[in-house]
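Structure first, then comments.
The values are calculated or read from the model by the stated rules, or taken from the named source; none is laboratory data. Note that the structure is a prediction, hence the values are computed from the model and not measured. Every residue, glycine as well, gets a Cβ built from its backbone with ideal geometry; the counts of neighbours run over all protein chains shown. Side chains included, ligands, DNA and RNA excluded: accessible areas come from the protein's heavy atoms. Shrake-Rupley method; radii C 1.70, N 1.55, O 1.52, S 1.80 Å.
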Amino acid sequence: MNLATSYLGLKLRNPLVASAGPMTQTAARIERLAEAGVGAVVLPSLFEEQIRAEADRDERLAEVGIDSFGEATSYLIDPDASIWPRHYLDLIERAARSGVPVVASLNGSTPGGWTDYARAMQDAGAAAIELNIYYLSSDPLIPGRDAEQRYVDVLSTVKAVVRIPVAVKLNPYFSSAGEMAVRLDRAGADGLVLFNRFMQTDINPQTLTVSTGFKLSSPAEATLARSWIARLRGQVSASLAASTGVETADDVAAYLLAGADVVMTTSALLRHGADHMAVLLGGLTAWMERKGFSSIGEFRGMLASAASTSQPDYGRRGYLSAVEQATRVYAPQ
Ligand SMILES: Cc1cc2nc3c(=O)[nH]c(=O)nc-3n(C[C@H](O)[C@H](O)[C@H](O)COP(=O)(O)O)c2cc1C
């Protein structure tokens, strides 16, 4: 059985990738994922704010002078806030020793100098960069085109400073998500990751407070990313990575059939542990055997809509028949 695949021009032993999150936060956890067979890992994001905070700290320390370093650190530095960027480069170096390709992740929203950090990530041994561009305008009058341009600008700035491939992790909240994907592809994105899940802000009416946080995903959430991957397959030259809602090997197979080059998971690994990677791989292999496939290439994109006009169920016809079916099933007699 040949599970080998290519993502961002990198050769992977299989298409299963641990996406950015707590499971890839330490070298020890990455080592366990490597033993469980993971094809590649994406490290948690380093935030623009963290990089800027470290640069500010260095500047203030330089002003205070090296002689008073000990005293300065005690009142100028929040140790937790400032340690992550340097620690991050160390994590890349140690993770790269696991033998699986390591993708470093940058989270930002402005094309400022912080993007130079991408080069430091490259020099530390990252095989690629994933850009998690998180831009939420608080100005309700900003035109959609201006908001979208941010994504292209951040990508172009990072592409200009590194030789390694750069993927963009997208969110689905564009009025024309497909066109955005094509624009990023043309602007040089080597890969598109569909989709990121935004932090959920909610209101608690009992405590009268606003809460923030991530919730783990469920497989039902995979359909949006899956149908966009199916539409984009054959329309962009960038690699396509599926992210969201992978719990079982069937979820992995469905994403590959839609046209994903790799399939990522975070929630399932948090729920079941690193060994779940081996469960997914075993399940995928068993599914391929049952279906008579001996390599990923034989079925990847088999049910993509762009490649085949015989898949009209992705379009309006699919919507109409879904409404009719749901009405038959759920409407009261
Ligand atoms: C606790 C937690 C932390 C995460 N941290 C990051 C992060 O640092 N950068 C990022 O791009 N995505 C982050 N994600 C999003 C995941 O990488 C992934 O895209 C998302 O959870 C959807 O995949 P899933 O359904 O397999 O969980 C995080 C998710 C969780 C649950």
For the chain, what is the relative contact order in percent, using Cα pairs closer than 8 Å and at least 6 residues apart in sequence?
18
Compute the relative contact order of region 188-308 as a whole-number percentage, counting only Cα pairs closer than 8 Å that sit 6 or more residues apart in sequence.
27
Tabulate in residue order the Karplus-calculated ³J(HN,Hα) for region 114-119, using 6.51 cos²θ - 1.76 cosθ + 1.60 with θ = phi - 60°, rounded to whole Hz; enter x for Gly and Pro.
4, 5, 4, 4, 4, 5
Quick check: the distance between the Cα centres of region 251-270 and region 127-194, to the nearest angstrom?
21
Out of all DSSP beta bridges with both ends in the chain, state the antiparallel percent to the nearest 5.
20
Angle between the chain longest axis and helix 177-186 axis [Cα atoms, degrees, rounded to 10]
60
Can you give me the relative contact order of region 165-230 as a percent, contacts being Cα pairs under 8 Å and 6 or more apart?
30
Leaving out ligands, DNA and RNA, what percent of the accessible area of the chain is carbon and sulfur, probe 1.4 Å?
53
For LYS11, go through the lysines and keep the ones whose alpha-carbon is under 23 Å away, minus same-chain ones fewer than eight residues off.
LYS159, LYS169
Show that you can apply the helix-only estimate: for the chain, add -39,500 (n - 2.57) for every DSSP H stretch of four or more residues, divide by all residues, and state [θ] at 222 nm to the nearest 500.
-13500 deg cm²/dmol
Hits in region 1-33: amide N under 17 Å from the 7 Å Cα→Cβ extension of ALA286, namely 1
Which value, in Å² rounded to 10, gives the accessible area of PHE195 with a 1.4 Å probe and all protein chains present?
10
Amide H contacts of PHE47 (H built 1.01 Å from N, under 5 Å, at least 5 apart or other chain):
ASN107
Per residue value of the accessible surface for region 212-333 (all protein chains in place, 1.4 Å probe), Å²:
52
Residues in region 179-194, backbone N under 20 Å from the label point at ASP153 (7 Å along the Cα-to-beta-carbon vector): list them, ranges by number please.
180-189
Per residue value of the accessible surface for region 135-174 (all protein chains in place, 1.4 Å probe), Å²:
52
Extended-chain gain in nm, criterion 0.36 nm per residue less alpha-carbon gap, ALA331 and LEU216:
38.3 nm
